[in-house]
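Comments concern the structure below.
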Ligand SMILES: Cc1cc2nc3c(=O)[nH]c(=O)nc-3n(C[C@H](O)[C@H](O)[C@H](O)COP(=O)(O)OP(=O)(O)OC[C@H]3O[C@@H](n4cnc5c(N)ncnc54)[C@H](O)[C@@H]3O)c2cc1C
């Protein structure tokens, strides 16, 4: 069958854009469809973490976007009368050598992601095109596309990635069920543009655990500010967002009237949901199509970007290097348990914030206020390791360290979209290094990598092993004293099939 692309992507939201860009950067022919022409109009993601920033680095748009992002000093969780219950630190050192946590203004961010993806010559963006059917054959998938301009047509590609959001048609067509975490709360979102000079608003995000109306207050760059408020029993979203209630009643108690314009509003049911499978044959799910979580940790999109980085290099290897399709089987076991743990933490956090029973809320406040641990040690969110797979061996599954460095001088840029085999000294490597070099990996000693501060050398010493192997998605595959053993285990998944 003649194919129209190496990979077809359904949905040009942030996750579709990232995977299209990562594949386009590797020279793969990508066709990406979105049913809408314009950017998603409703208020959504505002926060990106260092893992997302690291992927933007790989895409080449990080340094263009950084001036438009706002450093997050941390999130305060407070009582209705603003006593601190606990804090989630924001301005901390990260393994990626990039800021831990930053806020963005979504239209600027989404537009840059789309521009970056579309800028790769092998990426074909087709807007106003809704995918309505997918039929899998032995060697590819035929998508039926409803093109608002030209009508119905069919497009064939060997692989399809559904990045088509919460109501994913790809997920439905693939017959993939979802698992629900039993959390469902309806919230209202107000994105404001503050007049100049802006009213004094806190520089950090605040989760106000007020049982009368739990809410989130969130700074965004360029005089943008967000309130997320829980819809209370007896209220309807339409009424609360309408002109009679929104400004005079809800917002008047939060921000001085006359100091802002409402840029946009939205209403969502925050839920925790994960697809039972992330792959069915030649169809993959990524982003909200694969998982949903309450936004209190700001991790929904970031998790989707991590899906994209995990899947992109594996697709490249199978398509360009004829690696066995079993390589693609590692996507689900690595990503699904990882994201399920984050969903669970987001749901746990949501239950703390969303308590509306005054007695339950009062007990929560008493318990936290009596807690003698430091404020940032009372609620924990850490990125889990990747789930177990043949590519996550001893010492593997966490992000490989990237020392802080100037644009262009960062470790990942030096490595390129490759594997890295790093050793304390050449003599530790043994003959297996030859196979890695032939397979296109970077093979280096700690003295050869760009690491003036010695961060990587210290990290490797701490692992207690002389060799570390990094995958193209910047995760550690293994730390080892025996490269040939690791090579023997991963080689069947990387070497050309047949
Ligand atoms: C209030 C709120 C705040 C949030 N804050 C954060 C945050 O701070 N940080 C964070 O990481 N996450 C946050 N999230 C989550 C984040 O917004 C989502 O995880 C993210 O938008 C998912 O991106 P996506 O590309 O997977 O899906 P989407 O953004 O939903 O994009 C899907 C795209 O697919 C298109 N599409 C759908 N069906 C079809 C079809 N059949 N054919 C063609 N195109 C189709 C749609 O038009 C859309 O453009 C928040 C969510 C909410 C609701």
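Those strands (runs of 3 or more DSSP E) of segment 1-98 in which 2 or more residues are farther than 30 Å from residue 215 by Cα occupy 7-10, 30-34. When the criteria are applied in full, residue 26 fails the requirement of being surrounded by fewer than 24 Cβ atoms within 10 Å (Cβ to Cβ) and either near the ligand (Cβ under 6 Å from one of its atoms) or under 26 Å from residue 133 (Cβ atoms) (or both).
Here is a check on your reading of the model: is residue 150 under 27 Å from residue 33 (Cβ atoms) and over 19 Å from the mean Cα position of the chain (by Cα)? Yes: the conditions hold for residue 150. Return the pair list, or none, for Cβ contacts closer than 6 Å from residues in segment 32-55 that are under 29 Å from residue 229 (Cα atoms) to residues that are near the ligand (Cβ under 6 Å from one of its atoms) and part of a loop (DSSP other than H, G, I, E, B), at least 6 apart or on different chains. Listed by first residue and then by second, the contacts come to 47/298.
Listed here are the residues, each with its yes/no results for (1) in contact with a strand residue (DSSP E or B) (Cβ under 8 Å, 6 or more places away or on another chain); (2) closer than 21 Å to residue 40 by Cα; (3) at pLDDT below 95.
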{"position": "248", "(1), (2), (3)": "no, no, yes"}
{"position": "252", "(1), (2), (3)": "no, no, yes"}
{"position": "256", "(1), (2), (3)": "no, no, yes"}
{"position": "264", "(1), (2), (3)": "yes, yes, yes"}
{"position": "274", "(1), (2), (3)": "yes, no, no"}
{"position": "281", "(1), (2), (3)": "yes, no, no"}
{"position": "286", "(1), (2), (3)": "yes, yes, no"}
{"position": "291", "(1), (2), (3)": "yes, yes, no"}
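Restrict the check to segment 454-469 and report whether at least one residue is part of a loop (DSSP other than H, G, I, E, B), out of contact with any helix residue (DSSP H, G or I) (no Cβ under 6 Å at 6 or more places or on another chain) and within 30 Å of residue 341 (Cα to Cα). Checked against the condition, which is being part of a loop (DSSP other than H, G, I, E, B), out of contact with any helix residue (DSSP H, G or I) (no Cβ under 6 Å at 6 or more places or on another chain) and within 30 Å of residue 341 (Cα to Cα), segment 454-469 yields at least one hit.
Taking the criterion of being assigned to a helix (DSSP H, G or I) and within 30 Å of the chain's Cα centre (by Cα), the only residue of segment 432-449 that qualifies is 436. Residues of segment 259-301 that are away from the ligand (no atom under 13 Å from the Cβ), more than 29 Å from residue 157 (Cβ to Cβ) and part of a strand (DSSP E or B): 260, 261, 262, 263. Taking (1) away from the ligand (no atom under 16 Å from the Cβ); (2) surrounded by 13 or more Cβ atoms within 10 Å (Cβ to Cβ) in turn, residue 233 satisfies each apart from (2).
Just one of the listed residues (334, 316, 359) is assigned to a helix (DSSP H, G or I), surrounded by 24 or more Cβ atoms within 10 Å (Cβ to Cβ) and more than 15 Å from the ligand (Cβ to nearest atom), and it is 334. Scanning segment 127-172 for residues that are assigned to a strand (DSSP E or B), surrounded by 19 or more Cβ atoms within 10 Å (Cβ to Cβ) and within 13 Å of the ligand (Cβ to nearest atom) yields 129, 131, 134, 143, 145, 155, 160, 161, 162. Scanning segment 471-498 for residues that are under 28 Å from residue 52 (Cβ atoms) and either exposed (fewer than 14 other Cβ atoms within 10 Å of the Cβ) or in contact with a helix residue (DSSP H, G or I) (Cβ under 7 Å, 6 or more places away or on another chain) (or both) yields 472, 473, 474, 477, 478, 479, 493, 494. Quick one: is residue 351 touching a residue at least 40 places away in the same chain (Cβ under 8 Å), within 16 Å of the ligand (Cβ to nearest atom) and under 30 Å from residue 106 (Cα atoms)? Here the answer is no, as residue 351 does not meet what is asked.
Within segment 29-53, the set of residues being more than 14 Å from the ligand (Cβ to nearest atom) and surrounded by fewer than 24 Cβ atoms within 10 Å (Cβ to Cβ) comprises 29 only. Of the residues 180, 196, the single one that is part of a loop (DSSP other than H, G, I, E, B) and surrounded by fewer than 17 Cβ atoms within 10 Å (Cβ to Cβ) is 196.
Of everything in segment 159-184, what is in contact with a helix residue (DSSP H, G or I) (Cβ under 7 Å, 6 or more places away or on another chain) and over 20 Å from residue 39 (Cα atoms)? Give them in sequence order. Selection gives 159, 160, 170, 171, 181, 183.
Which of the residues spanning segment 209-238 are in a loop (DSSP other than H, G, I, E, B) and within 24 Å of residue 367 (Cβ to Cβ)? Explain how you work it out, then say what you get.
Applying the first criterion (in a loop (DSSP other than H, G, I, E, B)) to segment 209-238 yields 210-214, 221-223, 231-236.
Passing the criteria: 210, 211, 212, 213, 214, 232.
Of all residues in segment 187-215, those satisfying the criterion of being touching a helix residue (DSSP H, G or I) at 6+ places or on another chain (Cβ under 7 Å) and within 14 Å of the ligand (Cβ to nearest atom) are 188, 190, 207, 214. Inspect segment 61-71 for any residue being touching a helix residue (DSSP H, G or I) at 6+ places or on another chain (Cβ under 8 Å) and either at positive phi or surrounded by 23 or more Cβ atoms within 10 Å (Cβ to Cβ) (or both) and give the result as yes or no. Within segment 61-71, not a single residue is touching a helix residue (DSSP H, G or I) at 6+ places or on another chain (Cβ under 8 Å) and either at positive phi or surrounded by 23 or more Cβ atoms within 10 Å (Cβ to Cβ) (or both). Every test in (1) more than 17 Å from the chain's Cα centre (by Cα); (2) surrounded by 18 or more Cβ atoms within 10 Å (Cβ to Cβ) is passed by residue 266 save one, and that test is (2).
The values are calculated or read from the model by the stated rules, or taken from the named source; none is laboratory data. If you're wondering where the values come from, they're calculated on a predicted model, not measured in any experiment. Please note: Cβ atoms are built from the backbone with ideal geometry, for glycine as well, and neighbour counts cover all protein chains shown.
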